[in-house]
Amino acid sequence: MSHNDLRQEFRRQAEAVSAVVTPVADPAEAFARAARLTAEQGGACLAAPGWEADELASLKAACEREGLELITQGLRERAGEFHTGLTRAQWGVAETGTIVVNSASEELRLASMLSEVHVALLTAANLRADLFALEQELNSTLADAPGYLAFISGPSRTGDIELVLTLGAHGPRQLHILLLEEGS
Amino acid sequence: MSRASRREYHQRLKGALDNRFLGQTLARFQGNYRGSREAGFSGMDFPALAAEVGAAKDAAVGQLEELYQQFKAKAEAAGATVHLAHDAAHAREIIAGIAARTGSRRIVKSKSMTSEEIHLNRHLEAQGLQVTETDLGEWIIQLRGEGPSHMVAPAIHLSRSQVAELFTQVTGQEQDPEDIAALVEVARGRLRQAMLEADMGISGANFALASTGSIATVTNEGNARLVTTLPRVHVALVGLEKLVPDLNTALKILRLLPRSATGQLISTYVTWVTGAVECAAAGGRKDLHIVFLDNGRLALSQDPVFSQALRCVRCGSCANVCPIFGKVGGHNYGHVYIGAIGLILTYFYHGLEAAQELVNNCLNCQACKVNCPADIDLPALIKKTAGLVMAEQGRPLKNQLLRRVMTNRPLFHFLLRRAYLAQKPLAGDGRKIRHLPLFFAPDQEFRSLPVVAAEPLRDRWSRLVPPVAEPRLKVALFGGCLVDFVYPEQGEALLELIDGQNIQVDYARDQSCCGLPAAMASEEETAREVARQNLAALNAEHHDYVLTLCASCASHLKNYPKLLAGDPGWAGRAEHLAAKVIDLASFLQKEVGLEPTAAQGKAVAYHAPCHLCRGLGVHEAPKELLRDAGYDYRPYDDEEVCCGFGGSYSLDFPELSAAILERKLGQVAATGADTLVTDCPGCVLQLEGGLDHLGSPIKVRHLAQALAETKKGSEP
Ligand code: SF4
Ligand code: SF4
């Protein structure tokens, strides 16, 4: 599969499971979008654990522009207060529209689980055709114990009442994937 | 089998059949599932992938103890504590002990069939612990004090109104049944709080990877992630059969599991936990306990036949496609484990009493088998399980009779001929019995029965079939009991179809019943004996084909090699025969080449016999032949769903046989067809009997007859 095909298939499958895929040119644009989205939805706080210092500076500026509080730790105590969880995703899987998120950090896990909206930044070069194409990477992640690894495909859902599909059962109600084309 | 338990089971089945909401919900569920599954697997070679999963699981099941040791070493090196529970009581003790030692009082659970298997909640609650299920469906049934009615969708038997009523009670606020999103919201709010406050989270696992000591959960709601993250203690209860050697095996299973469960390409969350992960609530690292449950699995894994059951990945598909589940739901079609696999596992995990009635409730329609992502021969295992139940309880009288009669062909055929005389007063001058004396078989009024023919096919044969001097093909016809003794006209139609084709058809007089009824009654030795008699009689070695008009006979003849695998004197001949067995439609297409007939517009619907479409994999040939013969063929949704006959099933479970038949006939009537064609005399019996009972004008024809009629009609 060409890179372009991978991107198209990934997008098609992610959207089929109700994720929103948006291309971004650089991390700054991603941060601006995450902050804007949060503000537009009436959120006041954005949780973003696990980012590098320089990235954080850019994110902080974006949050300030939107009048949002930015938190990076102590998420457990702030459960229910942050609207958005912003994390990186290590890989994307075209076949199923899945993002793979190394969630060994507890703060990162909480950001992606307790938020109303999960925003994940994925580098397009890390897209693969299917999970088998990622086997080696996944194996070394699993071997790096203790660890917590998540494959996420769309927002939380349930069909437990009369099989009516309802989003946002326990986890985030929305999943936004910001697809970063590096060098573009 | 006690009469009381049988009566009680039939009462429950009747209750379910009378529950209109349940019927509608299940029909919608199964209909939606069929479409979603098909979409999920589109473009994939399902049988090949399922065989791959089956083989991978077999390899794992063959070395459970080694995998367990390997897993334990890896997981403990990563900070987990790994336990092995020998049985249900032991597992409950271990988990209650962990709760006591860690001072856990509030427990949240994500969905785990294994915890249902050991009735864990009841035990923990009896210790004064507060247990909250967090999967929406599980929470609903927990609040109602019920068990799950489906392995994947545990509350599928309930309507939105019932859930709204329940949530109104729980919240003290009126809930709108039409606003399902709001109902989900109630659960989200309540359960989020419970998860934040809990001391201990209990999860199941879909995989345990020996290579890394990781456990994985596959879920949609996301509650399992919270249950394994928020509380300071995490207990994972895992059936030993969830052990797989490595990620590759798990990914192979994962490729099929969600597609089989719901038609999703993948579930929303697949989460892998390796060791004691970060957890602030635990003061740094999670207190992780992985409790493996044996409860008979190790013994089962050593069994040459039943180890196959441990391949199951709990997708629920075998319930989703089962016509019986579709009528009565999981509370009446399983104990804890539901659907075809439930019929098997209930005996092994929950014992004779729970299994004794359940295990007979199978049509052998093969729908579960061809949809199972682990390639488990479920109907065969169900029959073998029924055999174990029977061995424990003693053979019922009817089995003893069956054994005696079936192994003695002359006696069997004598009795069939006598049946003609016995029926005469019941049938009057017609060819149907509309009212059986009640003592003969209760609840059989949903269909009339055909009369045994005055002269069986075997007696007409020499008169009908002139010798062919230099035949281009030699065919051995296997009649089967129904064509031979009840519907000889179907055999005559075949002869009309191949008339003038220079084909020699032999009818061996020593052929007997194919033996399927014996196999269905779990009388394997009888089935083998009859098979040997037929092998000797049919002489397949001297024929190009063994042709039969009965799909059930055909698929059972094809099963002879399996049946006689351990019998060196016969296994080779069985292989030979199996390779030559062919159904009518395939034979006609391959060897006869009927002249296409001009459209004459007569509307026909088709019923695909289970043992033809799933047993032999013949789907299109009969319909192509009908179209070529000028019929206006009309499809309908359930064309490949069982008609509810299942041989003696329809005598043992008449209420279900009738309900399944009714659904089919309703769809057939809606096509506007005036003839219903099928190619199995058993299906003809059921369909014709049902239509006659309803007073429907729709005629039933065997494919041979339908084609012979147009051939005759087109002749100048
Ligand atoms: S037996 Fe097969 S179809 Fe049934 S639940 Fe198990 S894996 Fe699924
Ligand atoms: S063979 Fe048919 S009736 Fe029996 S369990 Fe499987 S699907 Fe159900």
Identify all residues within the stretch B:352-387 that are among the small types (G, A, S), modelled with pLDDT under 95 and more than 17 Å from B:F306 (Cα to Cα); write none if there are none.
-> B:A354
List the pairs whose first member sits in the stretch B:573-586 and is in a strand (DSSP E or B), whose second member is of a type in the set (D, E, K, R), and whose Cβ atoms are under 9 Å apart, counting only residues at least 6 apart or on separate chains?
-> B:V581/B:K558; B:I582/B:K590; B:I582/B:E591; B:D583/B:D679
Those residues that are over 23 Å from A:T158 (Cα atoms) and within 16 Å of ligand 1 (Cβ to nearest atom), I need them from the stretch B:252-279; list them, please.
-> B:K252
Counted residues in the stretch B:656-674 being among the hydroxyl-bearing types (S, T, Y) and open to solvent by 10 Å² or more (accessible area, probe 1.4 Å) come to 1
For B:L676, are the conditions met, namely being modelled with pLDDT of 95 or more, touching a strand residue (DSSP E or B) at 6+ places or on another chain (Cβ under 9 Å) and under 14 Å from B:Y633 (Cα atoms)?
-> yes
For the stretch A:115-133, pairs from a residue that is under 23 Å from A:I71 (Cα atoms) to a residue that is surrounded by fewer than 19 Cβ atoms within 10 Å (Cβ to Cβ) and at pLDDT below 95, with Cβ under 8 Å and 6 or more apart or across chains, are none
Scanning the stretch A:159-172 for residues that are open to solvent by 10 Å² or more (accessible area, probe 1.4 Å) and within 9 Å of another protein chain (Cβ to nearest Cβ), the one farthest from the chain's Cα centre (by Cα) turns out to be A:E162
Do you know which residues across the stretch B:78-98 are assigned to a helix (DSSP H, G or I), surrounded by 14 or more Cβ atoms within 10 Å (Cβ to Cβ) and not basic (K, R)?
-> B:A88, B:H90, B:A91, B:I94, B:I95, B:A96, B:I98
Strands (runs of 3 or more DSSP E) wholly inside the stretch A:1-99 containing at least 2 residues that are touching a helix residue (DSSP H, G or I) at 6+ places or on another chain (Cβ under 9 Å) and within 22 Å of A:L138 (Cα to Cα) | A:84-89, A:91-93
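Show me the helices (runs of 4 or more DSSP H) entirely contained within the stretch B:320-387 in which 3 or more residues are touching a residue at least 40 places away in the same chain (Cβ under 8 Å) and open to solvent by 10 Å² or more (accessible area, probe 1.4 Å).
It comes to B:367-371.
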Over the stretch B:148-166, the set of residues within 16 Å of ligand 1 (Cβ to nearest atom) and polar (S, T, N, Q) is B:S149
Any residue in the stretch B:136-150 that is in contact with a Ser or Thr (Cβ under 6 Å, 6 or more places away or on another chain) and either in a helix (DSSP H, G or I) or facing chain A (nearest Cβ under 8 Å) (or both)?
-> yes
Failed criterion for B:I107 (all others in (1) assigned to a helix (DSSP H, G or I); (2) away from every other protein chain (no Cβ under 14 Å) hold) | (1)
Give the residues of the stretch A:56-65 that are touching a residue at least 12 places away in the same chain (Cβ under 8 Å), in contact with a strand residue (DSSP E or B) (Cβ under 9 Å, 6 or more places away or on another chain) and surrounded by fewer than 18 Cβ atoms within 10 Å (Cβ to Cβ), sorted by residue number.
-> A:L56
Across the stretch B:584-622, which residue is nearest to B:V505 (Cα to Cα) among those that are within 16 Å of ligand 2 (Cβ to nearest atom) and open to solvent by less than 30 Å² (accessible area, probe 1.4 Å)?
-> B:L612
Count of the stretch B:186-213 residues which are under 15 Å from B:L254 (Cβ atoms) and at the interface with chain A (Cβ under 8 Å from one of its Cβ atoms) | 1
Return a yes/no flag: does the stretch A:102-119 have any residue that is within 7 Å of chain B (Cβ to nearest Cβ) and open to solvent by 20 Å² or more (accessible area, probe 1.4 Å).
-> yes
Taking the stated definitions as given, is B:A250 touching a strand residue (DSSP E or B) at 6+ places or on another chain (Cβ under 7 Å) and among the small types (G, A, S)?
-> yes
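Yes or no, residue by residue, for (1) farther than 29 Å from A:L108 by Cα; (2) open to solvent by 10 Å² or more (accessible area, probe 1.4 Å); (3) away from ligand 2 (no atom under 16 Å from the Cβ); (4) in a helix (DSSP H, G or I):
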{"position": "B:R225", "(1), (2), (3), (4)": "no, no, yes, yes"}
{"position": "B:I253", "(1), (2), (3), (4)": "no, no, yes, yes"}
{"position": "B:S260", "(1), (2), (3), (4)": "yes, no, no, yes"}
{"position": "B:Q264", "(1), (2), (3), (4)": "no, yes, yes, no"}
{"position": "B:T271", "(1), (2), (3), (4)": "no, no, yes, no"}
{"position": "B:A276", "(1), (2), (3), (4)": "no, no, yes, no"}
{"position": "B:L288", "(1), (2), (3), (4)": "no, no, yes, no"}
{"position": "B:A299", "(1), (2), (3), (4)": "yes, yes, yes, yes"}
{"position": "B:Q308", "(1), (2), (3), (4)": "yes, yes, no, yes"}
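Does B:I156 satisfy the condition of being over 30 Å from the mean Cα position of the chain (by Cα), open to solvent by less than 40 Å² (accessible area, probe 1.4 Å) and either over 30 Å from B:G275 (Cα atoms) or within 16 Å of ligand 2 (Cβ to nearest atom) (or both)?
Against the criterion (over 30 Å from the mean Cα position of the chain (by Cα), open to solvent by less than 40 Å² (accessible area, probe 1.4 Å) and either over 30 Å from B:G275 (Cα atoms) or within 16 Å of ligand 2 (Cβ to nearest atom) (or both)), B:I156 does not qualify.
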Considering the stretch B:371-383, residues that are more than 10 Å from ligand 1 (Cβ to nearest atom) and of a type in the set (A, V, I, L, M), and then whichever is nearest to the other protein chains (Cβ to nearest Cβ), we arrive at B:I382
Tell me which of these A:R76 doesn't satisfy, since it passes every other one: (1) closer than 17 Å to B:Y269 by Cα; (2) within 14 Å of another protein chain (Cβ to nearest Cβ); (3) free of Cβ contacts under 8 Å to residues at least 40 places away in the same chain.
-> (1)
Residue identified as open to solvent by less than 10 Å² (accessible area, probe 1.4 Å), within 12 Å of the chain's Cα centre (by Cα) and within 14 Å of chain B (Cβ to nearest Cβ) among A:A34, A:A30, A:A19, A:A48 = A:A19
Please enumerate the residues belonging to the stretch B:28-48 that are farther than 12 Å from B:S260 by Cα, surrounded by 14 or more Cβ atoms within 10 Å (Cβ to Cβ) and in contact (Cβ under 8 Å) with a residue 24 or more places away in the chain.
-> B:F29, B:Q30
Can we say B:G666 is under 16 Å from B:K327 (Cβ atoms), touching a residue at least 40 places away in the same chain (Cβ under 8 Å) and assigned to a helix (DSSP H, G or I)?
-> no
Looking across the stretch B:237-248 at residues that are more than 9 Å from chain A (Cβ to nearest Cβ) and open to solvent by 10 Å² or more (accessible area, probe 1.4 Å), the single one that is farthest from B:S267 (Cα to Cα) is B:P245
Please indicate, with yes or no, whether at least one residue in the stretch A:131-142 is farther than 15 Å from A:V93 by Cβ, within 7 Å of chain B (Cβ to nearest Cβ) and touching a Ser or Thr at 6+ places or on another chain (Cβ under 8 Å).
-> yes
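The values are calculated or read from the model by the stated rules, or taken from the named source; none is laboratory data. For clarity, every value in this text was computed on a predicted model and none was experimentally measured. Note: ideal-geometry Cβ built from the backbone for every residue, glycine included; neighbour counts use all protein chains shown. Only protein heavy atoms, including side chains, enter the accessible area calculation; ligands, DNA and RNA are left aside. Shrake-Rupley method; radii C 1.70, N 1.55, O 1.52, S 1.80 Å.
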